[in-house]
Amino acid sequence: AAAGIYALENNIDRLAVDHANAIRLAEGLAAWAEVEPVQTNMVFASFPAGSRAGLCAHLRNCEIQVLDGEPMRFVTHLDVDAGDIETVIETVGSFFG
């Protein structure tokens, strides 16, 4: 909760950027995953059965941090910019390519 309170007190403008990045990420991932509607800076995506472990390994190999779960959770934040979002989309695409 402390991080959320800090963000609300100090980074309101940045939250809009994080949410826009999350929407772009969700749009990009939708080519390969079922993506839940974006409501915050988190994107929840369910990839085809049997692909998740390999995709997680591929992303980690490319130095992209992701939480392995079903659905997978991607989080945008202060350290993630629009270029990073495009890199994630391209990296996921290269896995399914």
Is there a residue being at pLDDT 95 or above, in a helix (DSSP H, G or I) and of a type in the set (Ser, Thr, Tyr) anywhere in the range 75-92? yes
Yes or no: the range 40-58 includes at least one residue that is within 13 Å of the chain's Cα centre (by Cα), free of Cβ contacts under 8 Å to residues at least 12 places away in the same chain and open to solvent by 70 Å² or more (accessible area, probe 1.4 Å). no
State all residues of the range 14-34 that are farther than 15 Å from THR91 by Cα and open to solvent by 40 Å² or more (accessible area, probe 1.4 Å); if no residue qualifies, say none. ARG14, LEU15, ALA16, VAL17, HIS19, ALA20, ILE23, GLU34
Being part of a loop (DSSP other than H, G, I, E, B) and open to solvent by 70 Å² or more (accessible area, probe 1.4 Å) narrows GLU9, GLU70 down to just GLU70
Among the residues of the range 52-65, is any over 21 Å from ILE23 (Cα atoms) and in a loop (DSSP other than H, G, I, E, B)? yes
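The values are calculated or read from the model by the stated rules, or taken from the named source; none is laboratory data. Note that this is a predicted model, so its numbers are computed, not measured. Note that each Cβ is placed from the backbone with ideal geometry, even for glycine, and that neighbours are counted across all protein chains shown. Note: areas computed on protein heavy atoms with side chains; ligands, DNA, RNA excluded. Shrake-Rupley method; radii C 1.70, N 1.55, O 1.52, S 1.80 Å.
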